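Here the structure is laid out as structure tokens; the discussion comes afterwards.
Laboratory data are not the source of any read-out in this text; all were calculated from the coordinates shown. Keep in mind that this is a model prediction, so the values were computed, not measured. Methodologically, a virtual Cβ is constructed for each residue, glycine included, from the backbone with ideal geometry; neighbour enumeration extends over all protein chains shown.
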Amino acid sequence: MSSTHLIRASFLHCLGDPARQGNSAVNYIEDGACRVSEDGCICEFGEAKSLSTHPGEPVLDYREKLIVPGFVDTHTHYPQVDVIASYGARLLDWLETYTFPCEAEFGDAAHARETATFFLRELISNGTTTALVFGTSHTASIDAFFEVAQQQNLRMVAGKVMMDRNAPESILDTASSSYKDSKALIERWHGVDRLGYAVTPRFAPTSTREQLDTAGKLLQQYPDVHLHTHLSENLEECAWVSELFPEACDYLDVYEQSGLVRKRSVFAHGIHLTDREWSSLSSNNAAIAHCAMSNLCIGSGLFNYARAVKENVTVGLGTDVGGGDSFSMLRTCNETYKVQQLQRNKISPASLLYLSTLGGARALDLDTHIGNFIVGKEADMVVLNEQATPILARKTQHASTWEERLFALLMLGDDRAVFETLILGRPAKTQSMRLA
Ligand code: GUN
Ligand code: ZN
């Protein structure tokens, strides 16, 4: 039995950032092949005719399909599966009315496990192979999530929410319990298989200064864990933050004062930023997770991607389930495009591919492992089917360039266009349907 296997398809991936390098950042191989080693890493990649031949080697034949790197969702909440499509609220009342009651159920390990299983099945079905994920304040929520992600061999980063004020008692912790619980979860899960931990204060209004300092202490003790929180999503939220933290010069400064702004810090949204906040995000190498679907659904505002490029701030895309109404990174790209259109900023198909793959990997500082098909990286891939729906088939029929094919998939695609999801080079979409 061969210890490697071969994947045949057309391949499309980014080697750099198209916002800086244009389409030369993109590599397209019409008749390509990828050899995957026993451990799920890419050991050869290129034109099919240029790869060495291994007689008898198994082949996954996806010719006529287009393979892109596994999608990276840089901001989502698995416990909010049942909050999706909640009618007519903006951030602060949306949290109180729908989200907090729903999260209160996650002390129940069986409920957490069932929801994590549903959520991860949806991610796989949509071609997402890496995500940065909120749990709830209950440690059981994160144990359940990591157990299911581990079974699926997924590269996932997640954390228990830290929140010690301004929410119902049933989902509050304290500064000291959140420190102890987060530390125990880091010790239990961080670096196990493909899993990583994110210290996760919900957002400034639900943490005391004491708790934010505790989060900073964890980052000092465990420098390679992530920091994951929300920043400047909604104007009422921003006004509340300046009342709660009068000593801070702006919203980001609340986090800076506790040592939370550095590489591997990912801030969801960043819609209403001052000049100082932009330049601080840039100089501290922190990243923004832009969540177009959520920003539209809960009416938060329009993220300025052109400004992020100008300021050299790293950006990834997030679904922000359940503020966002879909698990699909294809649909996220569609809404990202439209949010820029509304501001007269053009975002290219290549940039959208970048943001949902290599850009997301860079935002999470995981691009040495994932994000494109460089030899040595992990073979997480999405097999896209341009025949998936009548309109996709019709639109792509006359597409003559990879750019036209890609834009049609990004604008018209969803989970139906994801023919297969390969985790470490092995088909997982059809198998995930059988998840316990
Ligand atoms: N800000 C604080 N908590 C949340 C949340 O759960 N979702 C979103 N979109 N914003 C938040
Ligand atoms: Zn969120």
If unit charges are put on Cβ atoms (+1 for Lys and Arg, -1 for Asp and Glu) and the dipole of the chain is taken about its Cα centre, the option from M411, Y179, F146 lying farthest towards the positive end turns out to be M411
Bins of 10 Å from zero: percent of alpha-carbon pairs in the stretch 19-89: 13, 32, 23, 20, 11, 2
Length-normalised contact order of the chain in % [C-alpha pairs under 8 Å, at least 6 apart]: 20
For a protection proxy built on the mean count of beta-carbon atoms within 10 angstrom, sort 257-263, 98-104 highest first, please. 98-104, 257-263
Considering only the stretch 48-169, what is the antiparallel percent among its DSSP beta bridges, to the nearest 5? 0
Where N is the number of residues in the chain, Cα Rg divided by 2.2 N^0.38 Å: 0.94
Where Rh denotes the Kirkwood radius from the mean inverse Cα pair distance, what is Rg over Rh for the stretch 1-145? 1.12
Mind checking the dipole of the chain: about its Cα centre, +1 per Lys or Arg Cβ, -1 per Asp or Glu Cβ, Debye to the nearest 20? 1040
Positive-end residue of G299, L358, G56, charge dipole of the chain with Cβ unit charges: G56
Summing -39500 (n - 2.57) over every DSSP H run of at least 4 in the chain, dividing by its residue total and rounding to the nearest 500, the 222 nm mean residue ellipticity is -10000 deg cm²/dmol
Apply the membrane-span-like helix rule to the chain: whole DSSP H runs, Cα extent along the own long axis of at least 20 Å, mean Kyte-Doolittle hydropathy at least 0.0. List the helices found. 109-125
Sorted by average packing, counted as other Cβ atoms within 10 angstrom per residue and highest first, what order do 400-408, 285-293, 41-49 take? 285-293, 400-408, 41-49
For the stretch 88-205, alpha-carbon Rg and Dmax in angstrom: 14.1, 41
Highest mean first, how do 166-177, 322-333 rank when packing is the count of other Cβ atoms within 10 Å averaged over residues? 322-333, 166-177
One quarter of the C-alpha convex hull surface, i.e. the mean projected area of the stretch 312-351 in nm², amounts to 3.4
Lysine-lysine proximity count for the chain, Cα under 16 Å, sequence distance 8 or more or distinct chains: 10
